[in-house]
Each structure stands twice: as structure tokens, then as C-alpha cells.
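A.B. asks: Pasting a structure below so you can have a look.
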């Protein structure tokens, strides 16, 4: 008579070989390598994206008549790529033959260094981007006239008593420097926020994995 | 994960995890990965265990969830990567139990959908309909009908 599936199940597991638990090993090793490799892939994609943007922005800004914005932006993105490439080279030197914990700790240290440098750069980067944008808009030509000059002339005509600093109305200079100041002040935080948007998920996983391993070492 | 926790809280229930992980994997390598991941998740989630169910029931639930997640990830990876591997239905389990009937039953179970695999495993482990419904997250009536259908399907596969 044919055995029922319930009987096959019960009798099959009476034999000991069916239920041998595998040893818990190598799990963290694999996870550590996976997490770093994933980060490397994302970091590389990010760099490619920045370079592509640096290349595209020059013709794009030329077409839109904002070349004074395009060139400084392209230079900035090239500089950012250069710094990121230097960090990437450092990342490749982390020794995979270390223990999982040491490997991940080295990676964690690299991430912290990268974030610290990125935050410092952001203090300058965001005001720089703002200035480049202002420059870009300022020199846009409308019917043969420069937009910035039209703006100054308009203000002077409207408010003839306005105070000028080196030919620029104080009306424009105060908000300009205020925005620069705010961006410089919050630049570091914006930079961290930016990194968190892109790499937040993977960095959280790294944190959990490291804390698991630290508990294991206790 | 401390070895104490593994020895006292997981190892006595290893049979449950093994049975479930074998039903969701085709190779020993995958099986070991799934098993380790389940153990890790049990350890990580241990503080979330509220004693509203038995520890073993909780382990069933967690094991199934981990296996389903892993399987989904694996499928996504397969879809994203060009593969010259054989399709699923041609893959043969590289492992074998000494009991041939059990091997055939496992092969048949692996041909079921992910959820049906979970349902039949719990049924074979003599869980009540209520417990199965709780673990899977459906109602009891549905479970009874489903089990009958799955058993018929398994019989058909086995007789082929």
C-alpha cells in the first residue's frame, strides 16, 4: 500500500542523518565582504554620475547661456571626483585577509574619514555652488543686455538713494552674503544628510553588523 | 550570537529550522546560508518574542519569513543577472536523505508555491489549523481547504 505523506514525513525523520544542523561559521565573513563590495559598487556609480554631470554641464550651460555657472560647476565636480577617487584607492587597500571584525572596523574607519572630509568640503562646496549659480544667472543675456546689470539699473532707478558697495546695491549684497553664510554654516550637515540619502541603508547595515560582532567578542 | 544562546534556545529547535530551510533550498550551500540566517535572525529578534505563542511557534514563523525573504531576493538576483543555469524545475537537489521516500516528498514540496510549502510543512509538523493560520497570517477556514488541495497536488506529483 502506498504510504501517506504524513507517514513518509514521520518515518523519514526518525533516521538521524536527516536532521544534522550545519555549523555556524563563515557567516560574518561573507556578510562583511558583501557589504563592502556593495558599498564599492555604489561609490563607483556615484563617481561615474558626478563625472558625467561635469561633462554634460559645460555644453548644457553654453546652450542656456549660463557658461559662467557651467565652468565653475564642472571644475567643482572634477575636484569632488578627484577626492572621491583618492578615497576609493584607499578603500581598495583594506586587507580582506583580516578577520571579519577587523575588516569591517577598517571599513567603518574609512567611512568615518570619508564623511568627515566630505563634511569639511561641503562647508565650502554649497556656498561655491550658490555663487556659481548666481554668477550664471547674473551673466545671462536678454536682448543683448546682461541680466545682472539690468537688475542693478532697475534697483537704482527705483530706489535712487540706495547705498552702493563697489557699485552693488546693499539690497542685493546682504541676502547674497546671508545665504552664503547659512550654506557655509549648515554645509557640513547638508553634506552628511546627502551621504545618508545615498548610503544610509548600507551604513545602517554596517552599524548593525559591527554591533553584532562586538557583542560576539565580549 | 553567544554560543550559550545557540545551544539552549536554538539547537533544541534546530530540527524545525532544518526542515523548513531544506524545503526552500536546492543545494547544501544555500541550505547552510538559510539556516545561518535564520539563527542570526532569531538571535537578533529574541527581544521581540512576547510569549504570546510558544517559542517553537515563533521559530516556525521566523524561519518561514526568513526563507521567503531569501527566496525573493534570490529570484530578484536571478532576474537581474543573465544566467545560463537550468530553469528551476530542472534543478535537482544535490543533497539526499537516506530515506528515499522522504527525498521524493521534499522534491515534491519544493515544486509547490512558496506559501504552500510553508502550509504543508506546518501541517506535517502537526500544527493545528489555528496555529498554521496564525503563522501564515490567514484564516482557519482557508487553511483546511488549502491543505486538502496541497495534499492532492503532492500525491499527483509523487505518483508521477
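A.B. asks: How far, in degrees from 0 to 90, does helix A:147-158 lean away from the longest principal axis of the Cα atoms of chain A, to the nearest 10?
C.D. replies: Compared with the principal axis, the helix lies near 50 degrees.
A.B. asks: Within a 10 angstrom radius of the beta carbon, how do B:37, A:141, A:102 rank from fewest other beta carbons to most? Don't jump to the answer; show the numbers that get you there.
C.D. replies: Values: B:37 18, A:141 10, A:102 14.
Final ranking by Cβ density, sparse to dense: A:141, A:102, B:37.
A.B. asks: Once you treat every alpha carbon in chain A as an equal point and sum by Debye, what is log10 I(q)/I(0) at q = 0.13, 0.14 Å⁻¹?
C.D. replies: Treating every Cα as an identical point scatterer, log10 I(q)/I(0) equals -0.90, -0.97.
A.B. asks: Does anyone have the angle between helix A:100-138 and the longest principal axis of chain A? Alpha-carbon axes, 0 to 90°, nearest 10?
C.D. replies: Taking the Cα atoms of chain A, the angle to A:100-138 is about 20 degrees.
A.B. asks: Related question: What's the average, rounded to a whole number, of partner chain beta-carbon atoms within 10 Å of each residue's beta-carbon in B:27-37? Each step should come with its number before you reach the end.
C.D. replies: Values: counts 0, 1, 1, 0, 1, 7, 4, 1, 5, 9, 2.
Mean partner-chain Cβ count within 10 Å for B:27-37: 3.
A.B. asks: Summarise the partner chain shielding of B:97-106 as one whole number: the mean count of Cβ atoms from other chains within 10 Å of each residue's Cβ. It would help to have the intermediate numbers written out before the result.
C.D. replies: On the way: counts 6, 5, 8, 2, 7, 9, 3, 2, 5, 4.
Mean inter-chain Cβ contacts per residue within 10 Å come to 5.
A.B. asks: Just want the ordering: A:45, A:210, from fewest to most Cβ atoms lying within 10 Å of their own Cβ.
C.D. replies: Values: A:45 11, A:210 18.
By the 10 Å Cβ count, ascending: A:45, A:210.
A.B. asks: By what distance, in whole Å, do the Cα atoms of region B:96-160 stretch along each of the three principal axes, largest value first?
C.D. replies: Result for region B:96-160: principal-axis Cα extents of 34, 21, 17 Å.
A.B. asks: Okay, next question. How big is the C-alpha Rg of chain B next to the rule-of-thumb value 2.2 N^0.38 Å, as a ratio? Walk me through the numbers on the way to the answer.
C.D. replies: Values: Rg = 16.2 Å, N = 160, 2.2 N^0.38 = 15.1 Å.
Dividing the Cα Rg of chain B by 2.2 N^0.38 Å gives 1.07.
A.B. asks: Please find the FRET efficiency linking residue A:131 to residue B:49, where r is the Cβ-Cβ separation and R0 is fixed at 51 Å, and quote it to the nearest 0.05.
C.D. replies: Details: r = 56 Å, r/R0 = 1.11.
After rounding to 0.05, the efficiency reads 0.35.
A.B. asks: Note down the nm distance, to one decimal, between modelled labels 7 Å out along Cα→Cβ at residue A:96 and at residue B:158.
C.D. replies: Each label point lies 7 Å from its Cα, and together they span 4.6 nm.
A.B. asks: Residue separation times 0.36 nm, minus the C-alpha to C-alpha distance between residue A:165 and residue A:19: what's the value?
C.D. replies: Numbers: separation 146, 0.36 × 146 = 52.56 nm, distance 8.42 nm.
Extra length from residue A:165 to residue A:19 when fully extended: 44.1 nm.
A.B. asks: Using alpha carbon centroids, what distance separates region A:156-218 and region B:1-59, in Å?
C.D. replies: So the two Cα centres are separated by 45 Å.
A.B. asks: Please determine, in degrees from 0 to 90 and to the nearest 10, the orientation of helix A:67-92 with respect to the longest principal axis defined by the Cα atoms of chain A, where the helix direction is its Cα long axis.
C.D. replies: Here the helix axis deviates by roughly 30 degrees.
A.B. asks: Rule-of-thumb check for the protein assembly as shown: C-alpha Rg over 2.2 N^0.38 Å?
C.D. replies: On the way: Rg = 30.9 Å, N = 378, 2.2 N^0.38 = 21.0 Å.
This ratio for the protein assembly as shown stands at 1.47.
A.B. asks: If you don't mind, another one. Regarding region A:151-218, what's the average projected area of the Cα-atom convex hull, expressed in nm²?
C.D. replies: Values: hull surface 29.9 nm².
Mean projected area for region A:151-218: 7.5 nm², to one decimal.
A.B. asks: Here's a follow-up. Can you give the FRET efficiency to the nearest 0.05 for residue A:60 and residue A:153, using r as the Cβ-Cβ distance and R₀ = 35 Å? Show your work: numbers first, answer last.
C.D. replies: On the way: r = 29 Å, r/R0 = 0.82.
About 0.75, to the nearest 0.05.
Laboratory data are not the source of any read-out in this text; all were calculated from the coordinates shown. Just so we're clear, the structure is a prediction, and the values are computed from it rather than from any experiment. So basically every Cβ, Gly included, is an ideal-geometry build from the backbone, and we count neighbours across all protein chains shown.
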